[in-house]
């Protein structure tokens, strides 16, 4: 497979992948299919001896871009905190993951969100054509320093997940 480098800032990765797939199929741009199929990576670690990518964004984040898109929309558009997000995903993912896995995913997302929230407080010039953006600083004016352990919320999620498992 040809290595393709691509960098996208404030565009939903899921939306971009859908567009690239459509453009490859509908317009016949086969190179776009290669770009869409390439694993997202910051390429901060060197390639292995065979020239293969050793680091991917999804492995580094501990979640897929599809999951991140769902988390982002629930948090920003639906204004979900940890507990309400768990409850929403317990319904959406009830046939995909057991309650404890959903709880772990939500807690992991909010811990990572808390650790990194301060990084998005600087506005860079850019154009935004939608009311949802992965860029936190555009529409979300909530605090940017959080207790990363979310003690009450994570305890409540565990209680609800345990009740769902019984």
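The values are calculated or read from the model by the stated rules, or taken from the named source; none is laboratory data. No experiment lies behind these values; they were computed from the predicted model shown. Heads up, the Cβs are rebuilt from the backbone with ideal geometry, glycines too, and the neighbour counts pull from every protein chain shown.
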Considering only the stretch 88-129, how many residues are closer than 17 Å to residue 62 by Cβ, at pLDDT below 85 and touching a helix residue (DSSP H, G or I) at 6+ places or on another chain (Cβ under 8 Å)? 1
If we keep only residues of the stretch 9-38 that are outside any helix (DSSP H, G or I) and surrounded by 12 or more Cβ atoms within 10 Å (Cβ to Cβ), then the residue modelled with the lowest pLDDT is 10
